[in-house]
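Enquirer: I am attaching a structure below and will ask some questions about it afterwards.
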Amino acid sequence: MTYLAKPKLHHPDLPANALGFTRRDYEGTISTLCAGCGHDSISAAIIQACWELAIEPHKVAKLSGIGCSSKTPTYFLDKSHGFNSVHGRMPSVLTGANLANRDLIYLGVSGDGDSASIGLGQFAHAMRRGVNMTYIVENNGVYGLTKGQFSATADRGSKSKRGAVNTDEGIDLAILALQLGATYVGRSFSGDKAQLVPLIKGALTHPGAAFIDVVSPCVAFNNHEGSTRSYDYVRNHNEAVNRLDVITVHREITTDYPPGSVQEVTQHDGSVLRLRKLADDYDSSSRISAMSYVQSRYAHGEIVTGLLYVEPDATDLHASLNTTEVPLNQLSEKELCPGSAALEKFNASLR
Amino acid sequence: MKKIQAVNDFVVKFANVNGSGSASANTLFAKSIMRMGVPVSPRNIFPSNIQGLPTWYEVRVSEKGWLGRRGGADLMVAMNPQTWEKDVVEIEPGGYLFYDSSKPLPSDKFRADVTVLGMPLTEICNATYTDARQRQLFKNIIYVGALAALLEIDIAEVEKLIGEQYKGKEKLLEPNIRALHMGRDYARAHLPCPLGITVRRSDRVGDRIFIEGNNATALGAVYGGATVCAWYPITPSSSVAEAFGRHCRKFRTDPATGRNNVAIVQTEDELASIGMVIGAAWNGARAFTATSGPGVSLMTEFIGLAYFAEIPAVIVNVQRAGPSTGMPTRTQQADILSCAYASHGDTKHVLLFPEDAREAFHLTADALDLADRLQTPVFVMTDLDIGMNERLCEPLAWDDSRAYDRGKVLTHDDLEAGKRFGRYLDVDDDGITYRTYPGTHPKRGSFFTRGTSRDRYARYTEEGSAYVDNMQRLLRKFETAKLYVPEPVVKDSPRTAHHAVIYYGSTACAMDEALAELEAEGIALDALRVRAFPFQDSVIEFVNAHDHVFVVEQNRDGQLRTLLVNEGAIDPSRLSSVLHYDGTPITARFIRQEIEERLSAFNVRPIRRTAAAGE
């Protein structure tokens, strides 16, 4: 139960990663979300992903907006600076933070109300700018903190707990991210940790705008018959197109896979995304066919999950702006202030 | 008819059509007078339009150096048939009207008390040039040549300026000079040169510079160390970010790598602009945005976050006439209250009020220090009059020994040494607490920033006492701000004054002139120019030391007066407003007349007049 305090002592046999940290070193305070909330599984997956990648916790900046999902950054990585900003505006705050210090890892956590309703604009522009970040939407199709109103990702025709039918078309943020130029787009399910953890690892190592839409059922308001975001519905309609392994130190493929069923993508930092195909006709290197595939399966009521698209040669906003390698927040008067002699010249040009 | 006779003291107004290329010719005219050592003060009066609507350029020539708008025009250069009637009316009796006489106009279109100077500009251009654009552009230069002859402007100064403008583009230089001479020669041959109003070489400009406020503001941000600029285009502030970009290309390109020591982002809206500024400042970079009233309205939720979560942010507000879209290309000082108390809940923000471009440079650089020191939003409150007009001002200065004040920030070594850290723990009793930048230390110094209530260690709480403790500390911090913001400028009358005037920002140039005129009339007034909010105690003491104080502002509701009454607990009857808010810059004439009338209502008689009556 999430409201019980976790024991402070570490189990002596807990495995440590390359930095000597155990998973406990990546945890945060105790979650205050409802028992069984999908969001807590996502927090656990983030912890697992960061631990496996042996990321220094303090080198991560975790930012969020407002809502249940946006509360979660307190529940993981308590050695990281966190920023719970205003509703729907995490992307701009994160973009500014990223501009100030390009050396940190930026993790944005948001919800479907936060990103698809009030924050759709900021979501869109962060994607099209190519901000180097991992953008996770914990998508339950409902407003939890205000008790059960539909959000903009709720499918048309789905039913609320009180029986109201949603008459508005649902927004598919993964499709939008694909269209807007995100260079890493995935979708997963909070109940499928085996799929989600590698997707987060891939996003964290990706050098551009990485987006993951995680369907995360709301046990309090959207887990009933007639909902298309319930545990049962998602389990029955989850159509994974591939399985991802993120390999930070490259090793030869030892397992025997049928020819053409494994695709490898080497990223800038040397990490390798190894994709095992589950759907033969799925091509995660094509933005257009990804969009087409996801939408055609959606028309049949299926939720396509996996790494939907990745661009190996992704660049980011800093590359577009040609900013210096040194984080801007480390520059001093010496680099920043032109001084009095330059000012004298400037004055002279205005007489 | 008595023609206006004046040397180095008159107003020339150009009535043009927007997009006709008149702006650079008109600037050339103004600068040539300045190069003769005579102070000029030009103002653009332009529509929210790119092409076709009326636009005016008003040049005040003042040997005495008055830079405020005077009102009226002694010479009207009427180049826009659309506004002819209105323009002709505006000429002072005995003044002059210069116009394009290519098409004959009926005599009732003119005034008997005005000297009419017709020049067939279109005819001359049509005869000389075949290209339509050339006909249009050179027409402007031709009239500058004619005006030089009429007003005895040294043609060599105009030529020099054209030479500087087309340096490296010699192909363009020669035809411009030819057009200039064509105008001069025509005027000499056909018009009564010189007029009663003339320019005579003087030495009153000194080493002053001629600069737009937005340009100076942008340079202030460069000198002040801003590395992140996020902005959304809005008149009249866009040229701040654009000028920042230009200055950065020059000053912020790393010579070794060619990479930029700055990041400038044109955002999707003002919400994103302020969001990025807050994100960058949270992460230890100096960041600013430039906007105008409607942009501030959009930013208010974020401004409340920055206030409550205590994150530095510099917001340049180049004010324009509101409410709503208002008059986007007209000036006002109407965002004082909306900025001072921006956002829901109990909030107060630091405001700085530069009087001109020079002070905009300095206060923008200072604002970046103040925002870091106070960990809160700081507004630089300029306006369209300052921002979008070239103004004569003292040269910009910088002390090379100046170090940026980054405020209370704990470093890795501080944390390693075990220095106690509570993000909202007031250890120095000044209301300002220590912060850490993300990524500073592997084990210590991390905290969670939020817009929700928190305790001294940044832990979420809805405990009433913790909330009140925090809100009271924020008030303490605002008190501390008084020690850091710029002091007011006091100008005491040489005589004992029972009345006083308070003013701020772009009103200063008109106020200086009005004060001199009132003083000459024997009216003693002490004056105080507010440069910042929160008001120092000296501002409140100044009010209390006088029987009555006029607060001169460019808005309808007397916003600074409201702020003074509210924050200084001042009896409202001690303060009365002198308000000018039609979108044009306030004039000395207006201030003087208003104050004279109010004082006579108080039965205050000028000392000199009283003395004269006794003789």
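Enquirer: In this structure, is B:E513 within 30 Å of B:F550 (Cα to Cα) and open to solvent by less than 40 Å² (accessible area, probe 1.4 Å)?
Expert: yes
Enquirer: Next question, about the same structure. Tell me yes or no: at least one residue of the stretch B:225-232 is at the interface with another protein chain (Cβ under 10 Å from one of its Cβ atoms) and out of contact with any strand residue (DSSP E or B) (no Cβ under 6 Å at 6 or more places or on another chain).
Expert: The answer is yes; a qualifying residue exists.
Enquirer: So, B:A272, is that one touching a residue at least 40 places away in the same chain (Cβ under 8 Å), of a type in the set (A, V, I, L, M) and in contact with a Lys or Arg (Cβ under 8 Å, 6 or more places away or on another chain) or not?
Expert: yes
Enquirer: Do any strands (runs of 3 or more DSSP E) entirely within the stretch B:221-303 hold 2 or more residues that are farther than 17 Å from B:M381 by Cβ, and if so, which? Explain how you work it out, then say what you get.
Expert: Values: elements: B:228-231, B:263-266, B:287-291.
It comes to B:228-231, B:263-266.
Enquirer: List the number of the failed condition for B:S297; all other conditions in (1) open to solvent by 10 Å² or more (accessible area, probe 1.4 Å); (2) more than 25 Å from the chain's Cα centre (by Cα) hold.
Expert: In the conditions (1) open to solvent by 10 Å² or more (accessible area, probe 1.4 Å); (2) more than 25 Å from the chain's Cα centre (by Cα), B:S297 misses (2) alone.
Enquirer: May I pose another question? Mind telling me which of the residues B:L564, B:L560, B:L518 ends up being open to solvent by less than 20 Å² (accessible area, probe 1.4 Å), in contact with an Asp or Glu (Cβ under 7 Å, 6 or more places away or on another chain), among the hydrophobic types (A, V, I, L, M, F, W, C) and not in a loop (DSSP other than H, G, I, E, B)?
Expert: Selected residue: B:L560, the only one of B:L564, B:L560, B:L518 that is open to solvent by less than 20 Å² (accessible area, probe 1.4 Å), in contact with an Asp or Glu (Cβ under 7 Å, 6 or more places away or on another chain), among the hydrophobic types (A, V, I, L, M, F, W, C) and not in a loop (DSSP other than H, G, I, E, B).
Enquirer: Among the helices (runs of 4 or more DSSP H) confined wholly to the stretch A:308-351, which include 2 or more residues that are more than 8 Å from chain B (Cβ to nearest Cβ)?
Expert: A:317-321, A:339-348
Enquirer: Which residues, taken from the stretch A:118-161, are within 14 Å of another protein chain (Cβ to nearest Cβ) and either free of Cβ contacts under 8 Å to residues at least 60 places away in the same chain or in a helix (DSSP H, G or I) (or both)?
Expert: Within the stretch A:118-161, A:I118, A:G119, A:L120, A:G121, A:Q122, A:F123, A:A124, A:H125, A:A126, A:M127, A:R128, A:R129 qualify.
Enquirer: A further question on this structure: Working carefully through the options B:F244, B:F210, find the one that is at the interface with another protein chain (Cβ under 10 Å from one of its Cβ atoms) and aromatic (F, W, Y).
Expert: After applying the criteria, what remains is B:F210.
Enquirer: In the stretch B:357-405, what residues are within 14 Å of another protein chain (Cβ to nearest Cβ), open to solvent by 10 Å² or more (accessible area, probe 1.4 Å) and in a loop (DSSP other than H, G, I, E, B)?
Expert: Residues satisfying the conditions are B:E394, B:P395, B:A397, B:W398, B:D399, B:D400, B:S401, B:R402, B:A403, B:Y404, B:D405.
Enquirer: Go through (1) of a type outside the set (V, I, T); (2) touching a Leu at 6+ places or on another chain (Cβ under 9 Å); (3) under 24 Å from B:L180 (Cα atoms); (4) open to solvent by 50 Å² or more (accessible area, probe 1.4 Å) for B:A25 and report which single condition fails.
Expert: Just one mismatch for B:A25, condition (4).
A quick yes/no check of all residues on (1) among the small types (G, A, S); (2) touching a helix residue (DSSP H, G or I) at 6+ places or on another chain (Cβ under 9 Å); (3) in contact (Cβ under 8 Å) with a residue 24 or more places away in the chain:
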position	(1), (2), (3)
B:L147	no, yes, yes
B:K160	no, yes, yes
B:Y166	no, yes, no
B:E170	no, no, no
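Enquirer: Sticking with this structure for a sec: Find the residue count for the stretch B:350-379, including only residues that are hydrophobic (A, V, I, L, M, F, W, C) and either outside the structural domain of B:D335 (by TED's automatic domain parsing) or within 10 Å of the chain's Cα centre (by Cα) (or both).
Expert: Residues in the stretch B:350-379 being hydrophobic (A, V, I, L, M, F, W, C) and either outside the structural domain of B:D335 (by TED's automatic domain parsing) or within 10 Å of the chain's Cα centre (by Cα) (or both): 3 in total.
Enquirer: Let me ask something else about it. Which of (1) within 17 Å of A:Q295 (Cα to Cα); (2) surrounded by fewer than 18 Cβ atoms within 10 Å (Cβ to Cβ) is the odd one out, the single condition A:A164 does not satisfy?
Expert: (1)
Enquirer: Taking the stretch B:444-497 as the search range and keeping residues that are without any contact (Cβ under 8 Å) to a residue 24 or more places away in the chain and within 14 Å of another protein chain (Cβ to nearest Cβ), which one is surrounded by the fewest Cβ atoms within 10 Å (Cβ to Cβ)?
Expert: B:E462
Enquirer: Does A:Y293 count as over 25 Å from the mean Cα position of the chain (by Cα) and either away from every other protein chain (no Cβ under 14 Å) or in a loop (DSSP other than H, G, I, E, B) (or both)?
Expert: no
Enquirer: Would you say B:H441 is within 14 Å of chain A (Cβ to nearest Cβ), of a type outside the set (A, V, I, L, M) and either more than 30 Å from B:K31 (Cβ to Cβ) or surrounded by fewer than 19 Cβ atoms within 10 Å (Cβ to Cβ) (or both)?
Expert: yes
Enquirer: For the stretch B:416-424, check the following and say yes or no: at least one residue is modelled with pLDDT of 95 or more, closer than 30 Å to B:L564 by Cβ and more than 9 Å from chain A (Cβ to nearest Cβ).
Expert: Checking the stretch B:416-424: not a single residue is modelled with pLDDT of 95 or more, closer than 30 Å to B:L564 by Cβ and more than 9 Å from chain A (Cβ to nearest Cβ).
Enquirer: What is the one condition in (1) of a type outside the set (S, T, N, Q); (2) assigned to a loop (DSSP other than H, G, I, E, B); (3) at pLDDT 95 or above; (4) out of contact with any strand residue (DSSP E or B) (no Cβ under 9 Å at 6 or more places or on another chain) that B:R495 does not satisfy?
Expert: All conditions are met except number (3).
Enquirer: Another question, if that's okay. Between a residue in the stretch A:58-75 that is among the aromatic types (F, W, Y) and any residue that is assigned to a loop (DSSP other than H, G, I, E, B) and open to solvent by 10 Å² or more (accessible area, probe 1.4 Å), which pairs come within a Cβ distance under 9 Å, given they are 6 or more apart or on different chains?
Expert: Note: pairs meeting the criteria are A:Y75/A:T2; A:Y75/A:G28; A:Y75/A:T29; A:Y75/A:I30; A:Y75/A:S31; A:Y75/A:T32; A:Y75/A:L33.
The values are calculated or read from the model by the stated rules, or taken from the named source; none is laboratory data. If you're wondering where the values come from, they're calculated on a predicted model, not measured in any experiment. Cβ atoms come from the backbone with ideal geometry, glycine included; neighbour counts cover every protein chain shown. Please note that ligands, DNA and RNA were not included when accessible areas were found on the heavy atoms of the full protein model with its side chains. Shrake-Rupley method; radii C 1.70, N 1.55, O 1.52, S 1.80 Å.
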